[in-house]
Amino acid sequence: MTETSAPRSASAARTESPRVLSGDRAARKRQAIIEAARSAFVREGFDAAMDAIAADAGVSKVTVYNHYGTKETLFMAVIGDALEESLAGAIAGTAQRLQDSDDLRVALKWTANAWVASMTQPDMVALRQLVASEVRRFPELGNAWRQHGPDRARPALVAAFERLIDAGRLTLPDVDTAILQLYALVLYPHLVHSTYGMALDQQTTERLIDSGVDMFLAFYGYREVSKR
């Protein structure tokens, strides 16, 4: 289905649900809108003007509303796109390594490095801070961040932990708590520091990840595969 060119006011478009627009042309417009909106939100915050976003995308403001309905919906789409772009490789790599490797220590250290590298990119730091500043007005923004963020690795972590528990190589009574503790050891320090405009240096990052994973595995009684 192609887009209609019938004129409508932006205020009318703003109150309606987004249309279901398909086809290559619509997809290109959606991508242009997302890229323009991401730059605008990072640069100006949630108060970025929809007029400016539309102009940067090379479309009309009505077209933006046709695709996304509201600024909140557009912002959630930007969050989903940014997290997908940043974390897709890390999530896929985590799943593969946890499934294929008998060495949980190596797999978790790779995973932690991939998470940190992805989540500390300047655009991601700016978007995360923007979500934090707006989440009281729009609680769904926090939900979108969680759903599209590192929690997407949770199924792979749960499967790996349960496999090792069944094999008697890990003593882990509460998987959900353990996953939060792992995030706290290897990822959250970077997120906290970035909130205050600071970045941890590479040596500190390596020490946090290496010691954090070792602490996690020691606490939960991880047993290496016998070398014999």
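Heavy atoms of the protein chains alone define the surface here; on that basis the chain has 52 Å² accessible area per residue at 1.4 Å probe size.
Lys-Lys pairs in the chain that are eight or more residues apart or on separate chains and whose Cα atoms lie under 29 Å of each other come to 4.
Work out the FRET efficiency for Asp51 and Phe138 from their Cβ-Cβ distance, taking R0 = 30 Å, and round it to the nearest 0.05. About 0.90, to the nearest 0.05. Taking the accessible area of region 23-120, probe 1.4 Å, and keeping the other protein chains in place, the carbon and sulfur fraction comes to 47%. Length available on full extension from Glu162 to Asp24: 0.36 nm per residue minus the Cα-Cα distance, which gives 45.4 nm.
Kirkwood analysis of the Cα pair distances in region 174-223 returns a hydrodynamic radius of 11.6 Å. Residues of region 164-183 falling in the label zone of Arg223, defined by backbone nitrogen less than 14 Å from a point 7 Å along Cα to beta-carbon, are 164-172.
For the chain, excluding the exposed loop sites themselves (GluC sites (Glu not before Pro), DSSP loop, at most 14 other Cβ atoms within 10 Å), the longest remaining stretch covers 17-223.
In the elastic network of the chain, a GNM with C-alpha springs shorter than 10 Å, the most mobile of Asp210, Asp102, Asp166 is Asp166.
The distance between label points at Ala117 and Thr171 comes to 3.5 nm (points 7 Å beyond Cα on the Cα→Cβ vector).
Using only alpha-carbon positions in region 39-156, the gyration tensor eigenvalues give semi-axes of 32, 13, 12 Å once each is multiplied by 5 and square-rooted (largest first).
Charged neighbours of Pro150, selected by a Cβ distance under 14 Å, balance to +2 (K, R count +1; D, E count -1). Over all other residues within a Cβ to Cβ distance under 14 Å of Val213, the charged ones net out to -1, with Lys and Arg as +1 and Asp and Glu as -1.
The values are calculated or read from the model by the stated rules, or taken from the named source; none is laboratory data. Everything numeric here is computed off the predicted structure, so don't read it as measured data. All Cβ positions, glycine included, derive from the backbone under ideal geometry; neighbour counts span all protein chains shown. Areas reflect the complete protein model, heavy atoms only, side chains present, ligands, DNA and RNA absent. Shrake-Rupley method; radii C 1.70, N 1.55, O 1.52, S 1.80 Å.
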